[in-house]
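Novice: Take this structure first; my questions come after.
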Amino acid sequence: MTAATFPASYAATARRYVARDAAAARLRIDALEHVLERAFVIPGINRAVGLDAVLGLVPLAGDAVAGVMGLYLVWEARNLGMPKRTIARMLMNVGVDTALGSIPVAGNVFDLLFRSNSRNIRLVRRHLDKTRA
């Protein structure tokens, strides 16, 4: 069967599933971004940090785990149909965060300042808002 042979009600149902899937994906990636970037507050300086910065305290393995979690956001973005150029930019953000974050001491400071997951979430939100309009 081709798409032309389906009744109009099937097309409307398909649009609802796609919209619901995009909304569900947005909730998942927003929750993961919250955990990775701003789950805890450092007392005294009131700076929000997340699992990305905390895992960065574990040499190499912590940054690798945080990088894999960041790649999940990129995978979700690819499933949402984002352009390849934007996916490449997101991969670059994760790669820079993982590579520079693995440097002892300086990488921990870098993890506090460079929030690759928040940057990637902004790219996904911009794409979803554009496609919804």
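Novice: Out of the trypsin sites (Lys or Arg not before Pro) in region 34-133, which ones are loop residues according to DSSP with at most 12 other C-beta atoms within 10 Å? Write out the running numbers ahead of the final one.
Specialist: On the way: sites: ARG38, ARG47, ARG78, LYS84, ARG85, ARG89, ARG115, ARG119, ARG122, ARG125, ARG126, LYS130, ARG132; in loops: ARG38, ARG115.
For trypsin sites (Lys or Arg not before Pro) across region 34-133 that sit outside H, G, I, E and B with at most 12 neighbouring Cβ atoms in 10 Å, the list is empty.
Novice: So, how do all the Cα-to-Cα distances of region 21-132 break down into 10 Å bins, in percent, from 0 on up?
Specialist: 15, 47, 29, 8, 0
Novice: Shifting gears a bit: How much length, in nm to one decimal, is gained on full extension between SER118 and VAL54, taken as 0.36 nm per residue of separation minus their Cα-Cα distance? All intermediate terms of the calculation are to be shown ahead of the outcome.
Specialist: On the way: separation 64, 0.36 × 64 = 23.04 nm, distance 1.59 nm.
Gain in length upon complete extension: 21.4 nm.
Novice: Another question about this same structure. In nm, what is the difference between 0.36 nm times the number of residues separating ARG85 and VAL105 and their Cα-Cα distance?
Specialist: Details: separation 20, 0.36 × 20 = 7.20 nm, distance 3.22 nm.
Fully extending the segment from ARG85 to VAL105 adds 4.0 nm.
Novice: At ARG47 and ARG78, where each label point lies 7 Å from the Cα along Cα→Cβ, what is the point-to-point distance in nanometres?
Specialist: Roughly 3.3 nm, to one decimal.
Novice: A follow-up question, please. For ALA48, list long-range residues whose amide hydrogen, built 1.01 Å from N in the peptide plane, is under 5 Å from its own amide hydrogen.
Specialist: ILE42
Read-outs: derived from the displayed coordinates by stated rules, not from any lab. All values reported here derive from a predicted model rather than from experimental measurement. Every residue, glycine as well, gets a Cβ built from its backbone with ideal geometry; the counts of neighbours run over all protein chains shown.
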